[in-house]
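Have a look at the structure below before the remarks.
The values are calculated or read from the model by the stated rules, or taken from the named source; none is laboratory data. Note that this is a predicted model, so its numbers are computed, not measured. Glycine gets a Cβ as well: all are built from the backbone with ideal geometry, and neighbour counts include every protein chain shown. Heads up: the accessible areas ignore ligands, DNA and RNA and are worked out on the full protein's heavy atoms, side chains in. Shrake-Rupley method; radii C 1.70, N 1.55, O 1.52, S 1.80 Å.
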Amino acid sequence: MNKTQNNKAWFLVLPVFLLVAFSAIIPLMTVVNYSVQDIFDQNNAYFVGVEWYREVLQDPRLQDSLLRQFMYSGSVLAIEIPLGIAVALMMPTRGAMASLTLIVLAIPLLIPWNVVGTIWQIFARADIGLLGYVINGMGIDYNYANNAVDAWLTVVLMDVWHWTSLIALLCYSGLRAIPDAYYQAARIDRASNWAIFKYIQLPKLKGVLIIGILLRFMDSFMIYTEPFVLTGGGPGNSTTFLSQTLTKMAIGQFDIGPAAAFSMIYFLIVLLVSWLFFTTISQLDKDKTKEISHES
Amino acid sequence: MSLVLENVNRSVDNTSHLKDINLSFEPGSFNVLLGRTLAGKTSLMRVIAGLDKVNSGRVLVDGQDVTSLSVQKRNISMVYQQFINYPNMNVYDNIASPLILAGTAKAEIKRRVQETAEMLRIEPFLKRYPLELSGGQQQRTAMARALVKDASILLFDEPLVNLDYKLREELRQELRELFKLRNSIAIYATTEPNEALALGGTTTLLHQGHVLQTGPAIEQYRYPINLDAADLYSEPPINILPGTISEQEVTFDEYASFPVAGHFKDVPVGAYRFGIRPSHMSLVPKNDDDIELSVQVEVAEISASETFLHVANKHFQLVLQLSGVHDYRTNTPVKIYLPPEKLFLFNSEGGIVKAPYPERKKGAQQHG
Amino acid sequence: MAEIRLTNLAHSYAADPEHTTDYAIHEMNHVWEQGGAYALLGPSGCGKSTLLNIISGLVKPSHGSVTFDGVEVNNVSTQDRNIAQVFQFPVIYDSMTVYDNLAFPLRNMKVLESEIDAKVREVAEILELSSILQRKANNLSADQKQKISMGRGLVRDDVSAILFDEPLTVIDPNLKWKLRRKLKQIHERYNITMVYVTHDQLEASTFADKIALMYEGKIVQFGTPRELFENPNHTFVGYFIGSPGMNLLKMTLSEQGAELGGITLSLNEEQRALLQDVGNAELTLGIRPEFVQLSANQNEDSLTCTIQHTEDLGTYKIVTVLLGEHTIKIRLDEEQQIPTQEAYLNFPNQWMKFYADDYLINSSEEDSNE
C-alpha cells in the first residue's frame, strides 16, 4: 500500500507521547536519579556513581530471590504454554459448548490478584482447605505454611490456575484463524494429527504465542500480590520473589538508593529477557536464504 | 467541470509511481486508464481523489488549484475492486448514505435512490443486506452509491475484476449506457485492453508511471506509439521478431526473408523489431507472399470460438489467435503463415516506424 | 489411477430437504474416466465446488454413491481416497522448505528417504521448482505456491485423481497461461484423472478434453469444448459459453415458419419435422453471434434489420442489430465490412438451434448417435 506523507500526523502522536512521558519516562528518570545518589535529606545528596549498583548486586538477598524468580517464571511458562495450547486444541469449535467453554475459561482471568491469593490460601490450607485436607487425607504430608517445597508448588499451581486460560484463549483465537483448506490439504496429504499440529497449527500460532509468552514472562517475573497473600514469602524466604525483596528494601528499610538501583537492575532484566524471547522466537522460522523477489 | 493534471510527480521511498503526468479530462467525458498492474493507475486515481499527495505538479478542477485540498472537500466518488458496502445497512441505506451525509431532504433521497437502483437493476434488493447478495449485486450497490451523489468526478478502479466473466460482460455494457447521461468526468481503470475497447471513450495508456499515449482505444490499437503501447493492446501479447532491412530484403535472423515491398519501401536500411498481432497469423496461407515458418506447438488454449496457439522453435516463441477450435497436442510440428503486410515496424529503441494500417483517419471511429 | 463414477448422487446441505430448491446437487449419474482431463464449469453458486468436495470426501453426499474403480468410497475418509486437491488459495506448509513441502505426503506414508528424494527431484524438475528447493515456501509468489500444492499430489504414485478448485484465481494474469500450459503438460505426462473446477470458459476449454457445464445443481451438458460451443444442449450453455453468448430468441410456430416477434423466418422441411411434436413447450431459437451472416445485399432468405451500434475490439467487431423486437449480436472479423445503410441477416440452417423449454430439440439422427 502507498503511504501518505502527512506532517499533521505528528500532532496526533503528541498526546500519546506526553502520556508516555508522564507515566513512564519521568518516573523512570526519577528512579535513575535516586540510584546514583546518597540522599540524607533535601539539602544533603551526594553523587555516588555506581556504588549502589555494586552493593545491590553483591547482596545475597537479591541473588537468591533472582534465582528463585527465574525458577518460578521458568516453571510457570513451562507448564502454562503447553497446557494452554493443549486446552485450546481440545476446545469445541462450534455450538453451545464452545461458548460455555469460553466463559468457564475466562472466569479465573476476571478475579483480582489478591482475591486469587486469598482463595488459594484457604483452599490449600492443610486443616480446613478442601485441597489441603484431601491431600493430607490421602496420606501425603502437605502444608504450604511450613514446608518450602509445598509452598513453592502451591504458588506455581495457583499461577497455573489463574493464567493458563489466557494462553488457551489466545491460542484458540489463533487456531480459529487457520482456513479450513489447510486442514483439508493436510488430510489429503495423509498427515497425522501430530504432523498437522507441528506443521500447520504450531507455525500459525507463532504470533499469538510470542505475545502469550511475553505477557506471561513479564507478569510472572514481577509477581507480588498472590504469593504475598498466600505465603507472605515464606516459609523462610522460600517464596520471596524479586518484587517482595524490593518492597522490603524500599518501604521496610527505607533504603531509597539501593532500592532504586535494584529497580533499575530489575527493569533491565525484564527488558533483556523479553527482548531475547522476542528475537529468538521471531528468528526461529526466518528464511535463511536470501529473499529473491519474483520477476513479474 | 474540467480536470487538469499538470506535471504531476509522485514517488514513495524513492520509487517513482507517477512521472510527469500531464492530462486533461473534458467535462462529461468517459475516460479509461489502461495499464498493467502497478503501472500507476491506482496512484493516479488516488492523486485525483486527494487521497495521496503529489511530490510536484498541480491538480486543477475548473482552473482552480485543488492540489492541497483534502478528499472530503473534493466532490468525488470512487468504486474499488473489492465490493465495499456497509455490511450493517441494507441496500437502500447503503445507496442513501452519501446523500444523508450531505443533508439531502428525505423525499429527494428516496427519489434518487429509487432512480439509481432502477438504473443498476438492484431495485428488487433494496431491503436486503450486502452479504445476502451475489458478487455482481454487491458491486452494483457500490456503484449505485458512487453514482447517486452526483459527484463531479467518478473514479472506478478495476470495478469488474472480481466478477465472473459473464457478469463482467453484462455490467460493462450497462456502464457504457450509464455514462452517456452524465455530466461528470468518469475515469475507469483497467488492465484489460478488451475492456478499454469495449467501453469506448478516451483511453490513456499508462506504463511504469508515465503516460504513453492518449486517444480512442481503437486508434491506439492500430497505431501504437511504441512497443510498450503495442504490447498493452493485445490479449494475448503482440509477437516481436528482431530482423534487418537491407536494400532489397527483409531478413529475420537467417531463418526467413522476403523482398522489401509495401509499407517497408521507404524505410531506411538497418536493424528493426517487427511486431505481428496474434490474430494476423494463420495456419493456412492467405496470400502468396505470406512467410512460412516451421514451429512446434507448446500449448493450445481454447476459448469457445477461439484458440490461442502458443508455438515455438529455436529462434522464437509466438502466439497465434485463431478462430475455431484447434486442439493440438504439445510438440506437434505445424507450419504457420505470417503476412508481411501486417507487420508493425519498431526501431531499436522501441518507437514505432510503420504501422500496417493504410492511413490514419482521425476521429473516424465512432462508438456506441 | 481411477475411474470416478457418481450414481444417483444428490446433495443437500439442509438436514431434511423437502423442496428441490433445498438441493445443492440434483440427482445425477456421471462418470469421469480414468486418465481424462475434465473441467467442471459454471457460474458461482451452481454447485460445482460442492460436487468437487463430494469427490474428494470433504463433503458426504446425502444421496447416492461415489465409486472409485467400482469400489464405493462414500464412507472412505479423504486421507484414504488417494486423491490430491489444489485449492483456490495456495496451501503450503509455511515453516518448511519447498523440498520438505513436496516430500511431506511421502514422509507421512513412511516412504524411504532415497525414494522420496528421487521423486521430489523428478516432480520439481517438471514444475520448474528445482532451483528453489531449499528455500522456505512462505516467501514465494502465488504461482510458485500453487505449483507446490500441485507437486504434493504429483509425488505420490498412489494418487488416483487430482482435483483443482479454481487454482488460478490468485495468479497474476500474465502468468496464468504459463501455468495452464504446465497443467496440460503434466496431464499428458502422468495420465492421472484430473477434474478442474472453474467459472472461466477459457481455463476450462484449455485444460479439459471434456467439460461438464453445471447450472443450478445439474450438469446440463457434458462434452468437448467444441460440442459446447457448436451444439449447446441447453439455452444456458449457449449463453454461458462464448463471448458474447448465443443469441436466444423467443419464437412461436406458424404456417409460414418461425415467428420472431413480428418477423417471420421460413423453415425448411427438416426443421419443421424437428419442431412438429413440441406441444405446448416454450420455443427458443438460438444462434451464435459468430454464425450470423450480415450483409449489405438482400438475398432470398435474408431478414432486414437495423444496425444499433458497433464495438470495434481490434481483432474483431461486435455489431448489435435490431430484428423486429429482438436484439441480435453479431461477431465479425477485423476485416469484414459493416453495411452502412440497409443491413440484411442470414441464419445458416446448420447453426440454427431450437430449444423447447430451454432444452435442445435433437434431430432423430443425433439421438441415435448417443
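Summary of computed values
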item: Inter-residue pairs, beta-carbon under 7 Å, first of a type in the set (Gly, Ala, Ser) and in the range B:165-184, second outside any helix (DSSP H, G or I) and open to solvent by 60 Å² or more (accessible area, probe 1.4 Å), 6+ apart; result: B:Ser184/B:Met1
item: Test: B:Ile245 is at pLDDT 85 or above, more than 19 Å from B:Leu318 (Cβ to Cβ), surrounded by 15 or more Cβ atoms within 10 Å (Cβ to Cβ) and away from chain C (no Cβ under 14 Å); result: yes
item: When residues of the range C:1-47 are limited to those that are over 25 Å from C:Asp69 (Cβ atoms) and acidic (Asp, Glu), the one surrounded by the fewest Cβ atoms within 10 Å (Cβ to Cβ); result: C:Asp16
item: Residues (aliphatic (A, V, I, L, M) and touching a residue at least 24 places away in the same chain (Cβ under 8 Å)) located in the range A:176-199; result: A:Ala177, A:Ile178
item: Conditions (1) of a type in the set (A, V, I, L, M); (2) touching a residue at least 12 places away in the same chain (Cβ under 8 Å); (3) within 23 Å of A:Ala78 (Cβ to Cβ): number failed by A:Ile111; result: (3)
item: The range B:60-99, subset in a helix (DSSP H, G or I) and β-branched (Val, Ile, Thr), residue farthest from B:Lys127 (Cα to Cα); result: B:Val71
item: Selection status of C:Val159, touching a residue at least 12 places away in the same chain (Cβ under 8 Å) and more than 19 Å from the chain's Cα centre (by Cα); result: yes
item: Answer from C:Thr97, C:Thr50 - the residue that is modelled with pLDDT of 90 or more and either among the β-branched types (Val, Ile, Thr) or not assigned by TED's automatic domain parsing to the domain that holds C:Met28 (or both); result: C:Thr97
item: Some residue of the range B:123-144 being touching a strand residue (DSSP E or B) at 6+ places or on another chain (Cβ under 7 Å), crowded, with 16+ Cβ neighbours inside 10 Å and under 25 Å from B:Lys180 (Cβ atoms); result: yes
item: Unique residue being open to solvent by less than 10 Å² (accessible area, probe 1.4 Å) and in the same structural domain as B:Pro340 (by TED's automatic domain parsing) when the list is B:Val250, B:Val284, B:Val260, B:Val267; result: B:Val250
item: Residues within the range C:287-312 that are over 21 Å from B:Gly200 (Cβ atoms), among the β-branched types (Val, Ile, Thr) and open to solvent by less than 60 Å² (accessible area, probe 1.4 Å), tallied; result: 2
item: Condition broken by C:Ile211, with the remaining ones in (1) part of a strand (DSSP E or B); (2) more than 29 Å from C:Lys317 (Cβ to Cβ) satisfied; result: (2)
item: Test set (1) at pLDDT 85 or above; (2) within 26 Å of C:His187 (Cβ to Cβ); (3) within 13 Å of chain C (Cβ to nearest Cβ) - B:Arg329 fails condition number; result: (1)
item: Yes/no for A:Thr164 being closer than 30 Å to A:Asp127 by Cβ, at pLDDT below 90 and not small (Gly, Ala, Ser); result: no
item: Every pair of residues 6+ apart whose Cβ atoms lie under 8 Å, when the first sits in the range C:275-303 and is closer than 19 Å to C:Glu259 by Cα and at pLDDT below 90 while the second is hydroxyl-bearing (Ser, Thr, Tyr) and open to solvent by 50 Å² or more (accessible area, probe 1.4 Å); result: C:Asp301/C:Ser266
item: Residues satisfying the stated conditions in the range A:87-111, i.e. assigned to a helix (DSSP H, G or I), open to solvent by 40 Å² or more (accessible area, probe 1.4 Å) and of a type in the set (Gly, Ala, Ser); result: A:Ala96, A:Ser99
item: Evaluation of C:Pro244 against (1) outside any helix (DSSP H, G or I); (2) closer than 30 Å to C:Asn268 by Cα; (3) open to solvent by 10 Å² or more (accessible area, probe 1.4 Å); (4) more than 10 Å from chain B (Cβ to nearest Cβ) (one fails), failing number; result: (4)
item: Counted residues, the range B:10-25 - those being more than 20 Å from the chain's Cα centre (by Cα), within 14 Å of chain A (Cβ to nearest Cβ) and closer than 10 Å to B:His210 by Cβ; result: 1
item: Test: B:Val295 is surrounded by fewer than 20 Cβ atoms within 10 Å (Cβ to Cβ) and out of contact with any helix residue (DSSP H, G or I) (no Cβ under 6 Å at 6 or more places or on another chain); result: no
item: Filter result (buried (at least 17 other Cβ atoms within 10 Å of the Cβ) and touching a residue at least 60 places away in the same chain (Cβ under 8 Å)) within the range B:60-103; result: B:Val61, B:Arg74, B:Ile76, B:Ser77, B:Met78, B:Val79, B:Tyr80, B:Phe83, B:Asn85
item: Options B:Gly28, B:Gly57: the member that is open to solvent by 10 Å² or more (accessible area, probe 1.4 Å), assigned to a loop (DSSP other than H, G, I, E, B) and away from chain A (no Cβ under 12 Å); result: B:Gly28
item: Where A:Tyr34 falls short, out of the listed (1) among the hydroxyl-bearing types (Ser, Thr, Tyr); (2) within 30 Å of A:Ala195 (Cα to Cα); (3) open to solvent by 50 Å² or more (accessible area, probe 1.4 Å); result: (2)
item: Filter result for C:Tyr99 (more than 8 Å from chain A (Cβ to nearest Cβ) and open to solvent by 30 Å² or more (accessible area, probe 1.4 Å)); result: no
item: Residue in the range A:181-188 that is of a type in the set (S, T, N, Q), touching a Leu at 6+ places or on another chain (Cβ under 7 Å), open to solvent by 10 Å² or more (accessible area, probe 1.4 Å) and within 14 Å of chain C (Cβ to nearest Cβ) present; result: yes
item: Test result for C:Asn138, at the interface with chain A (Cβ under 10 Å from one of its Cβ atoms), of a type outside the set (A, V, I, L, M, F, W, C), open to solvent by 50 Å² or more (accessible area, probe 1.4 Å) and assigned to a helix (DSSP H, G or I); result: yes
item: Residues that are under 14 Å from C:Tyr359 (Cα atoms), within 12 Å of chain B (Cβ to nearest Cβ) and β-branched (Val, Ile, Thr), drawn from the range C:203-241; result: C:Val237
